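A.B. asks: Quick one: this structure, given as C-alpha coordinates, is what I'll be asking you about.
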Amino acid sequence: MISVLFVCLGNICRSPMAEGLFNAKIEKSGLGDSIKSDSAGTSTYHLGKQPDPRTLETLKKHGIIHHHRGRQVDFDDANRFDYIIAMDQYNFQDLKYMIPNGFKGLFLMRNFDHMEKGADVPDPYYGDPDGFEGVYRILDRSLDGLIRYIRDNHNL
Ligand code: 4NP
(Lines give C-alpha, C1' and ligand atoms only; values in the text may rest on other atoms or scores of the structure.)
Protein backbone atom coordinates (compact mmCIF):
# COMPACT_ATOMS: atom_id res chain seq x y z
CA MET A 1 0.00 0.00 0.00
CA ILE A 2 1.39 3.41 -1.03
CA SER A 3 0.51 6.17 1.41
CA VAL A 4 0.43 9.92 0.94
CA LEU A 5 0.16 12.66 3.59
CA PHE A 6 -1.00 16.13 2.51
CA VAL A 7 0.20 18.97 4.73
CA CYS A 8 -0.78 22.64 5.11
CA LEU A 9 -0.72 25.09 8.03
CA GLY A 10 -4.14 24.62 9.67
CA ASN A 11 -5.27 21.24 8.26
CA ILE A 12 -8.75 22.64 7.71
CA CYS A 13 -8.62 24.18 4.20
CA ARG A 14 -6.05 23.05 1.63
CA SER A 15 -4.77 19.69 2.87
CA PRO A 16 -8.18 18.13 3.67
CA MET A 17 -9.38 19.35 0.26
CA ALA A 18 -6.35 17.68 -1.34
CA GLU A 19 -7.05 14.49 0.62
CA GLY A 20 -10.75 14.38 -0.32
CA LEU A 21 -10.11 15.05 -4.00
CA PHE A 22 -7.14 12.67 -4.12
CA ASN A 23 -9.20 9.85 -2.58
CA ALA A 24 -12.01 10.45 -5.10
CA LYS A 25 -9.52 10.30 -8.00
CA ILE A 26 -7.89 7.14 -6.60
CA GLU A 27 -11.25 5.41 -6.23
CA LYS A 28 -12.27 6.43 -9.75
CA SER A 29 -9.02 5.02 -11.17
CA GLY A 30 -9.56 1.68 -9.41
CA LEU A 31 -6.46 2.22 -7.25
CA GLY A 32 -8.30 2.20 -3.92
CA ASP A 33 -6.57 -1.00 -2.81
CA SER A 34 -3.10 0.31 -3.69
CA ILE A 35 -2.96 3.95 -2.55
CA LYS A 36 -4.33 5.74 0.52
CA SER A 37 -4.01 9.24 1.93
CA ASP A 38 -4.38 11.37 5.05
CA SER A 39 -3.78 15.03 5.87
CA ALA A 40 -2.22 17.00 8.73
CA GLY A 41 -1.16 20.53 9.69
CA THR A 42 2.16 22.03 10.70
CA SER A 43 0.33 24.05 13.41
CA THR A 44 -1.79 23.06 16.39
CA TYR A 45 -4.47 25.68 15.61
CA HIS A 46 -7.33 23.36 14.69
CA LEU A 47 -6.66 20.03 16.39
CA GLY A 48 -9.70 17.76 16.32
CA LYS A 49 -11.69 20.22 14.19
CA GLN A 50 -13.68 19.43 11.08
CA PRO A 51 -12.52 20.98 7.81
CA ASP A 52 -13.54 24.60 7.13
CA PRO A 53 -17.18 24.72 5.91
CA ARG A 54 -15.97 26.38 2.68
CA THR A 55 -13.67 23.40 1.99
CA LEU A 56 -16.54 20.95 2.57
CA GLU A 57 -18.89 23.05 0.43
CA THR A 58 -16.39 23.21 -2.45
CA LEU A 59 -15.81 19.45 -2.35
CA LYS A 60 -19.57 18.82 -2.17
CA LYS A 61 -20.14 21.02 -5.22
CA HIS A 62 -17.87 18.61 -7.07
CA GLY A 63 -19.67 15.55 -5.71
CA ILE A 64 -17.20 14.67 -2.96
CA ILE A 65 -18.17 14.01 0.65
CA HIS A 66 -15.15 14.07 2.94
CA HIS A 67 -14.64 13.55 6.67
CA HIS A 68 -11.50 14.54 8.53
CA ARG A 69 -10.43 15.82 11.95
CA GLY A 70 -7.51 18.22 12.20
CA ARG A 71 -4.24 16.86 13.51
CA GLN A 72 -0.62 17.99 13.63
CA VAL A 73 2.21 16.37 11.67
CA ASP A 74 4.08 13.85 13.80
CA PHE A 75 7.78 12.88 13.60
CA ASP A 76 6.67 9.29 13.05
CA ASP A 77 4.63 10.25 9.96
CA ALA A 78 7.84 9.80 7.98
CA ASN A 79 7.71 6.08 8.86
CA ARG A 80 4.01 5.76 8.10
CA PHE A 81 3.91 7.62 4.77
CA ASP A 82 5.80 7.16 1.50
CA TYR A 83 5.06 10.71 0.36
CA ILE A 84 4.55 13.90 2.35
CA ILE A 85 3.22 16.70 0.18
CA ALA A 86 3.47 20.33 1.34
CA MET A 87 0.96 22.89 0.07
CA ASP A 88 3.37 25.85 0.15
CA GLN A 89 6.95 26.84 0.69
CA TYR A 90 6.34 27.67 4.41
CA ASN A 91 4.92 24.22 5.08
CA PHE A 92 7.77 22.67 3.09
CA GLN A 93 10.44 24.45 5.17
CA ASP A 94 8.63 23.74 8.49
CA LEU A 95 8.36 20.06 7.59
CA LYS A 96 12.14 19.79 7.29
CA TYR A 97 12.27 20.32 11.06
CA MET A 98 9.27 18.13 11.84
CA ILE A 99 10.32 14.90 10.13
CA PRO A 100 13.67 13.06 10.16
CA ASN A 101 16.55 14.27 8.02
CA GLY A 102 16.96 12.24 4.89
CA PHE A 103 13.27 11.46 4.32
CA LYS A 104 13.11 11.11 0.55
CA GLY A 105 9.39 11.53 -0.05
CA LEU A 106 8.96 15.23 0.76
CA PHE A 107 7.59 17.27 -2.16
CA LEU A 108 5.85 20.55 -2.86
CA MET A 109 2.28 19.99 -4.15
CA ARG A 110 2.77 22.17 -7.20
CA ASN A 111 5.93 20.38 -8.16
CA PHE A 112 3.32 18.23 -9.95
CA ASP A 113 1.38 21.13 -11.51
CA HIS A 114 2.12 21.49 -15.23
CA MET A 115 0.99 25.13 -14.97
CA GLU A 116 3.15 27.27 -12.66
CA LYS A 117 5.27 24.36 -11.51
CA GLY A 118 6.70 24.92 -8.03
CA ALA A 119 4.32 27.74 -7.02
CA ASP A 120 2.44 27.73 -3.71
CA VAL A 121 -1.12 26.50 -3.28
CA PRO A 122 -2.44 29.86 -1.97
CA ASP A 123 -3.89 29.93 1.54
CA PRO A 124 -7.62 30.69 1.08
CA TYR A 125 -8.48 31.02 4.81
CA TYR A 126 -8.69 34.83 5.00
CA GLY A 127 -9.82 35.41 1.43
CA ASP A 128 -13.24 35.33 -0.27
CA PRO A 129 -15.08 32.07 -1.09
CA ASP A 130 -13.82 32.17 -4.71
CA GLY A 131 -10.40 31.34 -3.32
CA PHE A 132 -11.57 27.85 -2.42
CA GLU A 133 -12.69 27.10 -5.97
CA GLY A 134 -9.31 28.39 -7.18
CA VAL A 135 -7.54 26.04 -4.77
CA TYR A 136 -9.72 23.18 -6.03
CA ARG A 137 -8.68 23.84 -9.65
CA ILE A 138 -4.99 23.97 -8.70
CA LEU A 139 -5.30 20.74 -6.72
CA ASP A 140 -7.23 19.06 -9.51
CA ARG A 141 -4.29 19.56 -11.90
CA SER A 142 -1.53 18.95 -9.36
CA LEU A 143 -3.07 15.73 -8.01
CA ASP A 144 -3.33 14.32 -11.54
CA GLY A 145 0.41 14.96 -11.86
CA LEU A 146 1.12 13.37 -8.48
CA ILE A 147 -0.96 10.28 -9.31
CA ARG A 148 0.88 9.90 -12.62
CA TYR A 149 4.20 10.18 -10.76
CA ILE A 150 3.19 7.54 -8.18
CA ARG A 151 1.87 5.16 -10.85
CA ASP A 152 5.11 5.46 -12.85
CA ASN A 153 7.27 5.06 -9.74
CA HIS A 154 5.48 1.97 -8.44
CA ASN A 155 4.31 0.32 -11.66
CA LEU A 156 0.63 0.77 -10.83
P1 4NP B 1 -4.97 25.79 5.73
O2 4NP B 1 -5.59 27.25 5.97
O3 4NP B 1 -3.52 25.88 6.14
O4 4NP B 1 -5.12 25.59 4.25
O5 4NP B 1 -5.78 24.82 6.56
C6 4NP B 1 -5.48 27.91 7.18
C7 4NP B 1 -6.39 27.64 8.19
C8 4NP B 1 -6.30 28.33 9.40
C9 4NP B 1 -5.31 29.28 9.57
C10 4NP B 1 -4.40 29.54 8.57
C11 4NP B 1 -4.50 28.85 7.36
N12 4NP B 1 -5.24 30.00 10.80
O13 4NP B 1 -4.40 30.91 10.90
O14 4NP B 1 -6.00 29.71 11.73
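The values are calculated or read from the model by the stated rules, or taken from the named source; none is laboratory data. No experiment lies behind these values; they were computed from the predicted model shown. Don't worry about glycine lacking a Cβ; one is built from the backbone with ideal geometry, like all the others, and counts go over all protein chains shown. These area figures cover heavy atoms from the full protein model, side chains too; ligands, DNA and RNA do not enter into them. Shrake-Rupley method; radii C 1.70, N 1.55, O 1.52, S 1.80 Å.
A.B. asks: Using only Cα atoms, locate the centre of the stretch 87-156 and the centre of the stretch 1-76, then give the distance between them in Å, rounded to an integer.
C.D. replies: With the stretch 87-156 and the stretch 1-76 each reduced to a Cα centre, they are spaced 12 Å.
A.B. asks: Turning to a different aspect of this structure: Against the 2.2 N^0.38 Å scaling, with N counting residues, where does the stretch 2-90 land? I'd like the Cα-based Rg ratio to two decimal places. Let's see the in-between values first.
C.D. replies: On the way: Rg = 12.5 Å, N = 89, 2.2 N^0.38 = 12.1 Å.
Ratio of Cα Rg to 2.2 N^0.38 Å: 1.03.
A.B. asks: Counting only heavy atoms of protein chains, what accessible area per residue, in Å², does the chain have with a probe of 1.4 Å?
C.D. replies: Working: 8030 Å² over 156 residues.
Accessible area per residue, the chain: 51 Å².
A.B. asks: For the stretch 32-156, with all protein chains present and a 1.4 Å probe, just round the carbon and sulfur fraction of the accessible area to a whole percent. Please list the in-between numbers first.
C.D. replies: On the way: 3510 of 7170 Å².
That fraction is 49 percent.
A.B. asks: Placing unit charges on C-beta atoms (Lys and Arg positive, Asp and Glu negative, everything else neutral), compute the dipole magnitude of the chain about its Cα centre in debye, rounded to 20. Walk me through the numbers before you get to the answer.
C.D. replies: Details: 19 positive and 22 negative charges, 53 e Å.
Using only the charged Cβ atoms, the result is roughly 260 debye.
A.B. asks: Quick one: 3J(HN,Hα) in Hz for the stretch 106-115, Karplus 6.51/-1.76/1.60 with θ = phi - 60°, rounded, Gly and Pro as x.
C.D. replies: Going residue by residue, I get 7, 9, 8, 3, 7, 4, 9, 8, 6, 9 Hz, with x marking Gly and Pro.
A.B. asks: With viscosity set to 0.890 mPa s and temperature to 25 °C, compute the Stokes-Einstein D of the stretch 38-120, Rh being the Kirkwood radius across alpha carbon pairs; µm²/s, no decimals. Mind showing how you got there, number by number?
C.D. replies: On the way: Rh = 14.1 Å.
My calculation gives 174 µm²/s for D.
A.B. asks: Among L31, L143, L56, determine the one that fluctuates most according to a GNM of the chain built with springs between C-alpha atoms less than 10 Å apart.
C.D. replies: Comparing L31, L143, L56 in a Gaussian network model of the chain, the most mobile one is L31.
A.B. asks: For the stretch 45-91, what number results from the quotient of the Cα radius of gyration and 2.2 N^0.38 Å?
C.D. replies: Details: Rg = 13.1 Å, N = 47, 2.2 N^0.38 = 9.5 Å.
Ratio of Rg to 2.2 N^0.38 Å for the stretch 45-91: 1.38.
A.B. asks: Ranking request for peptides 96-107, 80-91: highest mean number of other beta-carbon atoms within 10 Å first, then the rest in descending order. Display every interim value, and only then the final one.
C.D. replies: Numbers: 96-107: 12.8, 80-91: 21.5.
In decreasing order of mean packing, 96-107, 80-91 become 80-91, 96-107.
A.B. asks: If I take every Cα pair under 8 Å that is 6 or more residues apart in the stretch 2-154, average their sequence separation and divide by the length, what percent do I get for the relative contact order? Please list the in-between numbers first.
C.D. replies: Numbers: 270 pairs, mean separation 38.4, N = 153.
Averaging sequence separation for qualifying contacts and normalising by length gives 25 percent for the stretch 2-154.
A.B. asks: Given the -39500 (n - 2.57) contribution per DSSP H run of 4+ residues, what per-residue ellipticity at 222 nm results for the chain, rounded to the nearest 500 deg cm²/dmol? Mind showing how you got there, number by number?
C.D. replies: Details: 5 runs with 63 residues, N = 156.
Mean residue ellipticity, 222 nm, calculated: -12500 deg cm²/dmol.
A.B. asks: Next question. Taking amide H positions as placed 1.01 Å from N in the peptide plane, with prolines and chain starts having none, which residues 5 or more places from I2, or on another chain, fall under 5 Å of its amide H?
C.D. replies: Correct list: I35, K36.
A.B. asks: Which one of V135, F92, Y149 is farthest out on the positive end of the charge dipole of the stretch 2-154, using unit charges on Cβ (Lys, Arg +1; Asp, Glu -1) and the Cα centre as origin?
C.D. replies: It is Y149.
A.B. asks: Could you give log10 I(q)/I(0) at q = 0.17, 0.21 Å⁻¹ for the chain, computed by the Debye formula over C-alpha point scatterers of equal weight, without solvent?
C.D. replies: Log10 I(q)/I(0), no solvent term: -0.94, -1.51.
A.B. asks: A further question follows. Past 22 Å, Cα to Cα, is the threshold; run K28/K60; K49/K104; K28/K61; K36/K60 against it and keep the listed order.
C.D. replies: On the way: K28/K60 16 Å; K49/K104 30 Å; K28/K61 17 Å; K36/K60 20 Å.
Listed pairs above 22 Å: K49/K104.
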